[in-house]
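None of the figures in this text is laboratory data; all of them are computed from the coordinates on show. Quick caveat, the model's predicted, so the values are computed rather than measured. FYI the Cβ positions are ideal-geometry reconstructions off the backbone, even for glycines, and counts take in every protein chain you see.
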Amino acid sequence: MGTAMHSPLVVGNWKMHKDPAETACFFKAFEALIDSRVRCDVVICPPFLDLETAVDASSGTRVQIGAQNLHWAKEGAYTGEISGPMIRACGCSHVIVGHSERRRYFGETNESVSRKTLAALDAGLTPIVCIGDFEKKNASDVIVEHFRCSLGGLSVDQFARIVVAYEPFWAIGSGDVAAPAMAGDAHRFIRGQAEAMFGAEASKSTRLLYGGSVKPGNAAGLMAESEIDGFLVDGASLDPAGFASIANLWIPPAP
């Protein structure tokens, strides 16, 4: 599984779900369900109002916490926005940038994704930068545009500090998951773009995640694709048992 030089990564994107009390209940259940032998990194990204609760509840566990969005400025007159330093001060380590729902519903552009990625890095956060296609046709053209225009302003060193998530919009929350071979082909294509822009070493070391209706029932087939280094999980991450079962796929075999 995966060509990356470090451990796989499983990210849960809760979107606009759960209040602080529900967040505390989730972590209590999840900690009892995830196997201590798991060899993957786990990040959960709850809504902004749940971040403090999630950071406290995950303290001392293997789980790291991320936010779902950020503003590119450190502070200022941006009503309703949250900055990278604020997210970092909450105890978060990651932040999702450029999710397709942000692009589709809130006017996110390649330019804003680029600015937010740089802001996240400047704040000491690991940006999980999303790229993908809105329809199955012309997918490669959209992937190239998103990759080059959203990430082209990064240096090789900066690119080495990010995570890239491929998430076809047509698959997100729809149950219409990309077939493993299709997802693998997309990831190979993206890794080729990374090599062309940032070099072979950066390409191999970057974790490429698949996102789009990942569930316990299809995760094993997807993880068998050599180019997929983990998952950006949406609805299934809301259920502690379901999300734990996905992370638990990375238990090493018995000797």
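Table for the structure above
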item: Ranking of Asp141, Asp56 by count of other Cβ atoms within 10 Å, fewest first; result: Asp141, Asp56
item: Spin-label proximity, Ala241 to segment 20-48 - amide N less than 16 Å from point 7 Å beyond Cα toward beta carbon; result: 26-35
item: Separation in nanometres of the label points that stand 7 Å from Cα toward Cβ, at Asp141 and Ala224; result: 3.4
item: Amide H partners (placed H, <5 Å) of Ala165, local residues excluded; result: Val129, Cys130, Ile131, Leu209
item: Violating pairs (Cα-Cα greater than 29 angstrom) within the set Lys18/Lys74; Lys74/Lys215; Lys28/Lys74; Lys28/Lys204; result: Lys74/Lys215; Lys28/Lys74; Lys28/Lys204
item: Cut-off 12 Å between beta-carbons: net charge of the residues surrounding Leu121, Lys and Arg +1, Asp and Glu -1; result: +2
item: Ellipticity estimate at 222 nm from DSSP helix runs (n ≥ 4, -39,500 (n - 2.57)) divided over the chain, nearest 500; result: -12000 deg cm²/dmol
item: Length gained when the stretch Cys90-Arg161 is fully extended (0.36 nm per residue, less Cα-Cα span); result: 23.5 nm
item: Loop-resident sites, segment 10-59, for trypsin sites (Lys or Arg not before Pro), counting at most 13 other Cβ within 10 Å (DSSP); result: Arg37, Arg39
item: Neighbour cut-off at most 15 other Cβ (10 Å), DSSP loop, GluC sites (Glu not before Pro), segment 1-96; result: Glu75, Glu81
item: Exposure proxy ranking, count of Cβ atoms within 10 Å, fewest first, for His17, His99; result: His17, His99
item: Relative contact order %, the chain, counting alpha carbon pairs below 8 Å whose residues are six or more apart; result: 25
item: Segment 206-255, relative contact order in percent, only Cα pairs under 8 angstrom and at least six apart counted; result: 40
item: Label-point separation, Arg62 to Ala29 (7 Å along Cα→Cβ), nm; result: 2.0
